[in-house]
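The values are calculated or read from the model by the stated rules, or taken from the named source; none is laboratory data. Quick caveat: nothing in here was measured; it's all calculated off a predicted structure. Here Cβ is always computed from backbone atoms with ideal geometry, including for glycine, and neighbour counts include all displayed protein chains. Only protein heavy atoms, including side chains, enter the accessible area calculation; ligands, DNA and RNA are left aside. Shrake-Rupley method; radii C 1.70, N 1.55, O 1.52, S 1.80 Å.
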Amino acid sequence: MKIALSTDTSCTINKDLAKDLNIFVFPLNVIVDGVEYLDGVTISQDELLASMRGNKSIKTSTPPPGDIIEYFKNIFAQGYDQIIHFTISSKLSSMNTLFNDISREYFDNKIIVIDSYSVCSLMLSHVLCAYEMLQNGKSPLEIKDEIEKRKEDSFVVFIPENLKALKNGGRISPTIAALCNLIGIKPVLCFKDGALEKDSITKNVKRTMYDKINELVQKFPKEDYDYTLVSFDCDESLIEFLKSELNIFLNGYQTAVLPIAINVCAHCGPGTFGLLVSKKFGKSLYDFIK
């Protein structure tokens, strides 16, 4: 049986890597001032950044079913019998439900849709784990079971520069956003069971992250876990501080800095950074992305 591996641009997989590993990537959309663009096709992260810094209206939406159906038809036309497709966490988007419905109604469940419970480099880690398992002859259902086990064995934290994008997206009220921005309070957002929730607030980002890293290294040893930084136009001095602290706490660990998925950028806004910890899967994530 010939099985295809597919994901979407939420996992921020590099185009060259996706091509080398023959991983299919569905481009998600972002709407700028009412005009729809495709992630990595008709809009780049830099172009989204310019639009957001320019106070343009930014929205996201689920892709049209017709586009999804055509995407999968093209994969099956290449001789594949079954497809494993990863979606962004179902707690962040309705895409998992949509893709499952399409698999059932149009493809006789030949598409195994896996909820990544994640985004960005953590989602990428799940996709690459699935790739390794496929190479080792594992079945789609075995792979799905393994991803289910991995979902609790990770950590994600995001801190945005300010609350403007979250306010514009309707995730917090304008009054709360204005008050927090006025007094310099930033939310510390963490993943809990696939959902991005407020963990705490901070006025001193460096101190908060120092404490967080100190806590994490006790639970997630570098021998078994990958630490990744992600950034969307974040202050370079802050990123260098985080890399330095991780290097110290993890005894010489060199941390990669990867982009944040455009659909996450659209909600958190420029100046956002994140720290993601994912379980290794035989190989390290860095064996693929270096």
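For region 72-89, the set of residues classified as of a type in the set (Val, Ile, Thr) and in a strand (DSSP E or B) consists of ILE83, ILE84, THR87, listed by residue number. When residues in region 263-283 are screened for being within 11 Å of the chain's Cα centre (by Cα) and open to solvent by 10 Å² or more (accessible area, probe 1.4 Å), 2 of them pass. Counting only strands (runs of 3 or more DSSP E) wholly contained in region 1-46, the ones carrying 2 or more residues that are in contact with a helix residue (DSSP H, G or I) (Cβ under 8 Å, 6 or more places away or on another chain) and open to solvent by less than 50 Å² (accessible area, probe 1.4 Å) occupy 3-8, 23-26, 29-32. Within region 134-151, the residues that satisfy the criterion of being open to solvent by less than 80 Å² (accessible area, probe 1.4 Å), more than 14 Å from SER278 (Cα to Cα) and not in a loop (DSSP other than H, G, I, E, B) are LEU134, PRO140, ILE143, LYS144. Within region 47-59, the set of residues being of a type in the set (D, E, K, R) and either within 15 Å of THR12 (Cβ to Cβ) or in a helix (DSSP H, G or I) (or both) comprises GLU47, ARG53.
Residues in region 197-225 that are touching a strand residue (DSSP E or B) at 6+ places or on another chain (Cβ under 6 Å), open to solvent by 60 Å² or more (accessible area, probe 1.4 Å) and either closer than 14 Å to VAL156 by Cβ or among the charged types (D, E, K, R) (or both): LYS198, ASP199.
Residues that are touching a Cys at 6+ places or on another chain (Cβ under 8 Å) and of a type in the set (A, V, I, L, M): does region 272-279 have at least one? There is at least one residue in region 272-279 that is touching a Cys at 6+ places or on another chain (Cβ under 8 Å) and of a type in the set (A, V, I, L, M).
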